[in-house]
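One structure below.
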Amino acid sequence: MAAVLELIAGSYEQIAFGYRVKTDEEEWTAKADFTHHAHTASISAVAASERFVVTGSKDETIQLYDMKKRTEHGALLHHDGTITCLEFYGSSHLLSGGEDGLLCVWSTKKWECLKSIKAHKGHVTSMSVHPSGKLALSVGTDKTLRTWNLIDGRSAFIKNIKQNAHIVRWSPDGNKYVVVANDKVNIYELETALVTGTITNPKRISSIKFVNNSILAVAGDDEVVRLCDMGKQEWVCEFKAHETRVKAVDSFIMEDYCVMVTASNDGFIKMWKLHLKEELEPPTLLGEVNTTARLTCLAVWKPSSVQQKAEEPAAEATTSEELARELSKTKKVRIAEEVILEDESKPKKKKKDSGK
């Protein structure tokens with residue numbers, strides 16, 4: 001059975017594009033499904049959950065699109081300044097960051113802002129939610145990397161970094177994270193919060209994506225996408241993806257291979273087939289579509305991909321070692337809804353004795 005998926009891209013031209021992809025043939029075809037022109041300035045961020053697609057813009061709004069009903073679902077108005085980053089945690093919560101220094105957590109049930117955290121003195125440039133849902137990392141123009149306990153919305157700890165980082169990402173297993181500043185990728189281990197390696201890209205980096213726990217895809221201000229082996233800390237594969245600089249890269253796993261999706265200023269969204277073997281070979285082109293717009297950001301909507309939720313909230317942790325210990329206790333269970341942040345207006349639940 002063919003997978004249902006849709007490519008979502010934002011543009012300088014204020015339009016979000018949706019393309020339905022037909023995956024049951026050797027060459028994949030992407031057909032225009034919708035154009036969403038709800039913004040009054042260029043689109044700066046996009047994210048997709050099982051049901052919703054959200055776009056953030058320089059017009060200070062987050063626009064919602066309901067993929068189930070195929071309708072516009074309204075706007076979130078809380079940030080003062082450009083929306084710089086958006087990320088869903090499963091299907092229950094959305095996190096947003098902006099030039100106002102705020103990190104906001106939204107419930108997707110009623111689209112309420114559960115928590116608004118003054119995360120950075122400057123802009124929030126990027127954030128990433130740990131796979132457990134207990135922690136988030138954020139970087140900003142105040143040259144800090146901050147770790148947030150998402151249960152109480154408080155800062156767990158702050159690390160000063162020498163440059164303004166513009167991307168931060170957890171690995172899929174949550175054991176490490178990477179911080180990008182200009183052309184450098186710094187690799188951190190969760191347990192020590194120390195840099196264990198640095199990779200330098202030939203150009204300034206615009207987008208990264210963990211293909212799996214060991215391979216990181218890196219796109220920058222040129223037409224090439226490079227794949228890095230995180231263990232060896234070296235480039236293992238590269239390919240020319242576009243005619244001009246690559247603005248965004250995403251990926252997902254099919255049955256026995258990985259699909260990488262790239263978007264560029266040249267207007268094209270391209271899908272690439274990558275076999276994850278010991279010796280990586282450049283991917284082959286699966287399909288492409290020309291949006292004729294200057295693309296800025298990209299997301300893949302796959303209704304079947306539902307993240308598992310963590311069972312228990314994180315306890316108070318003040319060091320990276322304590323955080324690592326707490327996270328190692330996480331049991332993955334299937335829960336329909338996980339409260340990441342408790343609403344302060346409601347009484348907090350008492351912790352249950354875990355010694356069962």
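The values are calculated or read from the model by the stated rules, or taken from the named source; none is laboratory data. Source: prediction; values computed, not measured. Cβ atoms come from the backbone with ideal geometry, glycine included; neighbour counts cover every protein chain shown. Areas reflect the complete protein model, heavy atoms only, side chains present, ligands, DNA and RNA absent. Shrake-Rupley method; radii C 1.70, N 1.55, O 1.52, S 1.80 Å.
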For this session: For segment 44-65, enumerate the residues that are open to solvent by 30 Å² or more (accessible area, probe 1.4 Å) and in contact with a Gly (Cβ under 7 Å, 6 or more places away or on another chain).
Result: Ser44, Glu60
For this session: Mind checking which strands (runs of 3 or more DSSP E) fall wholly inside segment 1-111 and carry at least 2 residues that are among the polar types (S, T, N, Q) and within 29 Å of Ala165 (Cα to Cα)?
Result: 52-57
Seminar exercise, completed: Residue hits (segment 15-43; in contact with a Ser or Thr (Cβ under 6 Å, 6 or more places away or on another chain), open to solvent by less than 80 Å² (accessible area, probe 1.4 Å) and not aromatic (Phe, Trp, Tyr)) are Ile15, Ala16, His39, Ala41, Ile43
Exercise. Scanning segment 1-57 for residues that are among the polar types (S, T, N, Q) and under 17 Å from Val289 (Cα atoms), which turns out modelled with the highest pLDDT?
Worked result: Ser11
For this session: Kindly check whether there is at least one residue in segment 144-158 that is modelled with pLDDT of 95 or more and surrounded by fewer than 19 Cβ atoms within 10 Å (Cβ to Cβ).
Result: no
Problem set entry | Elements of type strands (runs of 3 or more DSSP E) contained in segment 217-289, each with 3 or more residues being open to solvent by 30 Å² or more (accessible area, probe 1.4 Å) and under 15 Å from Lys203 (Cα atoms) | 234-240
For this session: Tell me which of these Val178 doesn't satisfy, since it passes every other one: (1) under 14 Å from Leu102 (Cα atoms); (2) within 17 Å of the chain's Cα centre (by Cα).
Result: (1)
Exercise. Looking at segment 104-117, is at least one residue in contact with an Asp or Glu (Cβ under 8 Å, 6 or more places away or on another chain), small (Gly, Ala, Ser) and more than 18 Å from Ala299 (Cα to Cα)?
Worked result: no
Problem set entry | So Ser128, is it within 24 Å of Gly18 (Cβ to Cβ), part of a strand (DSSP E or B) and open to solvent by less than 10 Å² (accessible area, probe 1.4 Å) | no
Exercise. Filter segment 71-111 for residues that are of a type in the set (A, V, I, L, M) and over 16 Å from Ala38 (Cβ atoms); which is most open to solvent (accessible area, probe 1.4 Å)?
Worked result: Leu102
Exercise. Has segment 161-172 got at least one residue that is open to solvent by less than 50 Å² (accessible area, probe 1.4 Å), β-branched (Val, Ile, Thr), assigned to a loop (DSSP other than H, G, I, E, B) and in contact with a strand residue (DSSP E or B) (Cβ under 7 Å, 6 or more places away or on another chain)?
Worked result: yes
For this session: Consider Lys68 carefully, then state whether it is open to solvent by 10 Å² or more (accessible area, probe 1.4 Å), basic (Lys, Arg) and farther than 29 Å from His123 by Cβ.
Result: yes
For this session: For Leu135, state whether it is open to solvent by less than 10 Å² (accessible area, probe 1.4 Å) and touching a residue at least 40 places away in the same chain (Cβ under 8 Å).
Result: yes
Exercise. Within segment 190-204, which residues are among the polar types (S, T, N, Q) and either assigned to a strand (DSSP E or B) or out of contact with any Ser or Thr (no Cβ under 7 Å at 6 or more places or on another chain) (or both)?
Worked result: Thr196, Thr198, Thr200, Asn201
Problem set entry | Leading residue by the ranking (farthest from Lys134 (Cα to Cα)) among those in segment 151-174 that are touching a Phe, Trp or Tyr at 6+ places or on another chain (Cβ under 9 Å) and of a type in the set (Gly, Ala, Ser) | Ser171
Problem set entry | Sole exception among (1) surrounded by 18 or more Cβ atoms within 10 Å (Cβ to Cβ); (2) over 16 Å from Phe88 (Cα atoms); (3) touching a helix residue (DSSP H, G or I) at 6+ places or on another chain (Cβ under 6 Å) for Ala193, by number | (1)
